[in-house]
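The values are calculated or read from the model by the stated rules, or taken from the named source; none is laboratory data. Keep in mind the model is a prediction, meaning the values are calculated, not measured. Using ideal geometry, Cβ is built from the backbone for each residue, glycine included, and neighbour counts are taken over all protein chains shown. Protein only, heavy atoms only, side chains kept; ligands, DNA and RNA dropped before computing areas. Shrake-Rupley method; radii C 1.70, N 1.55, O 1.52, S 1.80 Å.
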Amino acid sequence: MSVTSYAEDILSDISYDPSVTTEPKLTTDIQPPVNVGTLTDISGCVSIFGPLQICYDLNLSTPSAAITLKVAGITVITGEISPAHPCLTLKGNYSVAKWDLNVCLRVAEKRITLEGSACVTFSGCKSFNITLFHWGNSVILSNVSSTLLTGAFVNDNQPPHHYIVQGLTGNAEANRISLSYHGPVPPQLRLNQTYYLGSHERNFPNAKYLGYDGQYLQFRY
């Protein structure tokens, strides 16, 4: 699970379209839009970079998910992922953003993943290999607003603030933070103790450690 930032344009084959003010313009065809009115168990949006958001409406009984890419709150692309069509390619541009992304349904791992790259005018580019949502050990919620966290760290919340872990990637959603982590859990992390959790996007001065599920360090804020 990683996010890498670039100062240079890594999507030079796709042009920006800053003149766009209404209808989105795409550079490639995608799967037909799905019926957004279908029954879902979990829905949420993840802010991945600048004005770009990936939203999902997950139906656990199928399982399948309606996927929406938004730019500054405007729906640009919709599609569906399912066991029959597990990956959806999103490639295009709208206003100050452009992207070449793949969203996949990993049923065996109970995850929705995101791979690819996106660029935003004056903000550079980012490449992604991340989990958008993992429903294996999550409390089922009807609607989730999520923020992607990069460069995340945890310190002991005591001067001089020693780092316990750093350079992690994760999500903050519904008062819960999940940081992707592989390796032995640092002994400084103790259940129900409060730590300072920071990232490039947002800081959480009083994050309570909830444990490690084998993939993610879990905190509540």
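What ranking of Asp213, Asp13 comes out by heavy-atom accessible area, probe 1.4 Å, highest first?
Working: Asp213 55, Asp13 105 Å².
Output order, biggest surface exposure first: Asp13, Asp213.
Please list, by residue number, everything in the stretch 46-83 whose backbone N is under 15 Å from a paramagnetic label point 7 Å out along Cα→Cβ of Ala108.
In the stretch 46-83, the label zone of Ala108 (backbone N under 15 Å from the point 7 Å along Cα→Cβ) covers 83.
Quick one: if you stick a label point 7 Å off each Cα along the C-beta vector at Asp9 and Asn157, how many nm between them?
Once both label points are built, they end up 4.6 nm from each other.
Less than 29 Å apart at the alpha-carbon level, and either on another chain or at least 8 residues along: which lysines does that give for Lys126?
Partners found: Lys25, Lys70, Lys91, Lys98, Lys110.
Percent of alpha carbon pairs in the stretch 71-138 separated by more than 21 Å? Intermediate values should be presented prior to the final figure.
Values: 688 of 2278 pairs.
Summing the P(r) tail past 21 Å for the stretch 71-138 gives 30 percent.
Quick one: if you stick a label point 7 Å off each Cα along the C-beta vector at Glu201 and Ser2, how many nm between them?
1.9
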